[in-house]
Amino acid sequence: MTLTRAITTAGSSKAKISRAGRRPMTPRRFLTRYVVGIVAILVSIVVFIVPFAFIFLTAAKNPQEASLFEFTLPQEGWYLWENFLTVLQTRDYIILRAFWNSTVLTVVSVAIMVIFSAAVGYVLQRRKSRWNGIVYFFVFAGLIVPPAVVPTIWVLQGIGLFKTMPGMILIEAAFGLSFCILLFRAFVATIPRELDEAAIIDGAGPMRLFFSVVMPLLRPVMVTIIVVQAVRVFNDFTGPLYFLPGDANATVQLTLYNFQSQNLSQWNLLFMDILLITIPPLIMYIFFNRQIVAGLTSGAVKG
């Protein structure tokens, strides 16, 4: 009986403490908890979803309706499939060649960025030397100094890589290396040095240490870099415009010129082309958004 009463008394005491620990819902707390979140959702809808919906609706209209630029449903029928076939067949299926060129450019340049920036970031973090200051100078210069078009074309012509896919791949990789190096260096700082020492004691050489021990631990930031840089390279417009001209080397962004000129603008086909170009990066961000945030914040505490 005494035990039962004690248990009851303890339970009632915990309930009182729990009720006492709950703060009353004040207007300020309500504003912070609900209203701010609702406003953020509405802003996101206006900034991201409304433009995408406008692109989709315009791509589904005929040329007369699309030229009005109205945010309305198609009034004369849905021309989504017809516009898709027209864009696909334009200039002997140039959109398919453009997707292939953009895919090759993106995959190869991102692979170069990941491997080289991971190695440089690891060396900068683990080995301190007098050369680190010079390397940091060039890394930050790559972030601050804007790309120079004419000197770059002159260099590419000198080495015979102008208007070629390898030259464009090197340019895209060079433009993204600085950001990737800083991100990898910050993440390597979170990896204990004891792992390196244990691998060296077990007989691992420098290459085996990096590729077998360090690289698997860099997977979170690696996913972030792959997604961010892949979207950047895939959506690059000025790079292929200056350094990779010609129909044979056309990328997806350059196909926008097919449906816009000084005398005629086929807005329904132009927006259909934009819709096709937008879908691959959108899918990547939908499936990898958590990995992107985790990789960007992984080296924020220590580094």
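Could you list, in sequence order, all residues of region 101-132 that are of a type in the set (G, A, S) and open to solvent by less than 50 Å² (accessible area, probe 1.4 Å)? The answer is S102, S109, A111, S117, A118, A119, G121.
Residues checked against (1) open to solvent by less than 40 Å² (accessible area, probe 1.4 Å); (2) hydrophobic (A, V, I, L, M, F, W, C):
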site: V150; (1), (2): no, yes
site: G158; (1), (2): no, no
site: K163; (1), (2): no, no
site: E172; (1), (2): yes, no
site: C180; (1), (2): yes, yes
site: A198; (1), (2): no, yes
site: A204; (1), (2): yes, yes
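Annotation note: of V108, V114, V135, the sole residue that is more than 25 Å from the chain's Cα centre (by Cα), assigned to a helix (DSSP H, G or I) and closer than 24 Å to L218 by Cα is V135.
Does R232 qualify as being under 26 Å from V149 (Cα atoms) and open to solvent by 30 Å² or more (accessible area, probe 1.4 Å)? The answer is yes for R232.
Residues that are modelled with pLDDT of 85 or more, buried (at least 20 other Cβ atoms within 10 Å of the Cβ), more than 17 Å from T106 (Cα to Cα) and not charged (D, E, K, R) do not occur anywhere in region 258-265. Screening the candidates V39, V46 for the property of being without any contact (Cβ under 8 Å) to a residue 12 or more places away in the chain, open to solvent by 80 Å² or more (accessible area, probe 1.4 Å) and farther than 30 Å from E172 by Cα yields one hit, V46.
Among the residues of region 109-156, those identified as modelled with pLDDT of 90 or more and closer than 13 Å to G176 by Cα are S109, V110, A111, I112, M113, V114, I115, F116, S117, A118. Look at region 102-118: where a residue is in contact (Cβ under 8 Å) with a residue 12 or more places away in the chain and within 22 Å of A186 (Cα to Cα) and a partner is open to solvent by less than 10 Å² (accessible area, probe 1.4 Å) and among the aromatic types (F, W, Y), sitting 6+ places away or on another chain with Cβ atoms under 7 Å, you get S117/F184; A118/F184. Checking each residue in region 51-83 for being among the hydrophobic types (A, V, I, L, M, F, W, C), open to solvent by 60 Å² or more (accessible area, probe 1.4 Å) and assigned to a helix (DSSP H, G or I) picks out F52, F56, W81. Taking helices (runs of 4 or more DSSP H) as the structural unit, those lying wholly within region 179-279 and holding at least 2 residues that are farther than 25 Å from G167 by Cα and over 26 Å from the mean Cα position of the chain (by Cα) correspond to 193-201.
The values are calculated or read from the model by the stated rules, or taken from the named source; none is laboratory data. These numbers come from a predicted model, not from an experiment. No Cβ is skipped: glycine too gets one built from the backbone with ideal geometry, and neighbour counts run over all protein chains shown. Side chains are part of the model used for accessible areas, which takes the heavy atoms of the whole protein and leaves out ligands, DNA and RNA. Shrake-Rupley method; radii C 1.70, N 1.55, O 1.52, S 1.80 Å.
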